[in-house]
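The values are calculated or read from the model by the stated rules, or taken from the named source; none is laboratory data. As the structure is a prediction and not an experimental result, all values here were calculated from the model. Here the Cβ is made from the backbone with ideal geometry for all residues, glycine too, and neighbour counts use every protein chain on show.
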Amino acid sequence: MTSTARRVHTVHYPETDHMGEDFLQRAIAEALRPLIARWFKSRRVKAFTGADQFLYWVEGDPTRRVAPDVYVLPKVDPDAVPTSWKLWEVGPPSFALEIVSRDVGKDYEDAPAEYAAMGAKELVLFDPGATARSRTRVRWQVYRRLARRGFVRVAQSSSDRVEVASLGCWLRAIGEGRDARLRLGIGIDGEELFMTEAEAANARADSAEAEVARLRALLAGRG
């Protein structure tokens, strides 16, 4: 190779911007992510559910990126251990959640445009700071990619729940203030909460205890 050989330019895609989330954002995301992963597993749907990792969508341009609070990549190994994702390799997210932070303008205005550009199928904006008295803020906004219409807002609501087509269930707001969390609602109107792993384990234990008690009573009656 001669001294005039061309150097290969390597593009660096950072794994973090070192900007921390606030407490509530992290708490909501950490509680919701495993719930969505468990929901897909229960339905035998192959998908990766992640949180707060960079998604790059323009090859060669590391400035075009977002780090959703929670996201779903369809048909991706659910047990993958990524540090970031290049969407030209795995495809766009089917679902993304952005929890509105102190920078309300960024989340309300910039997020929909960014997710539209990357090809996302559905985006939910959840604003835990919105109240019944809010004039410019709303608890839920749902953006969805529709045929012939593109990526558009299809719903906004101040209720406690919103239907999410890409998940096949509802998102429900539970608790207030620092205790606010998001759960999955199932059924026609999302009234039933999809159980966490701990709740499911407790339910199995209660069922086993009830069965033991039933058998003991049956044996005692025969005695």
Within region 55-106, residues closer than 18 Å to TYR143 by Cβ and free of Cβ contacts under 8 Å to residues at least 12 places away in the same chain come out as GLY105, LYS106
Which of (1) touching a helix residue (DSSP H, G or I) at 6+ places or on another chain (Cβ under 7 Å); (2) free of Cβ contacts under 8 Å to residues at least 40 places away in the same chain; (3) of a type in the set (Ser, Thr, Tyr) does THR196 not meet, given it meets every other one?
(2)
Looking at region 106-154, which of the residues that are surrounded by fewer than 19 Cβ atoms within 10 Å (Cβ to Cβ) and polar (S, T, N, Q) is nearest to LEU87 (Cα to Cα)?
THR136
Out of the residues in region 139-174 that are touching a residue at least 40 places away in the same chain (Cβ under 8 Å) and part of a strand (DSSP E or B), which is farthest from VAL100 (Cα to Cα)?
CYS169
Among the residues of region 3-13, is any surrounded by 10 or more Cβ atoms within 10 Å (Cβ to Cβ), within 25 Å of ASP110 (Cα to Cα) and either at pLDDT 95 or above or not hydroxyl-bearing (Ser, Thr, Tyr) (or both)?
no
Just give me the residues in region 66-105 being in contact with an Asp or Glu (Cβ under 6 Å, 6 or more places away or on another chain) and either part of a helix (DSSP H, G or I) or surrounded by fewer than 16 Cβ atoms within 10 Å (Cβ to Cβ) (or both), in sequence order.
THR83, TRP88
If you go through region 140-170, how many residues are under 22 Å from ALA113 (Cα atoms) and within 16 Å of the chain's Cα centre (by Cα)?
11
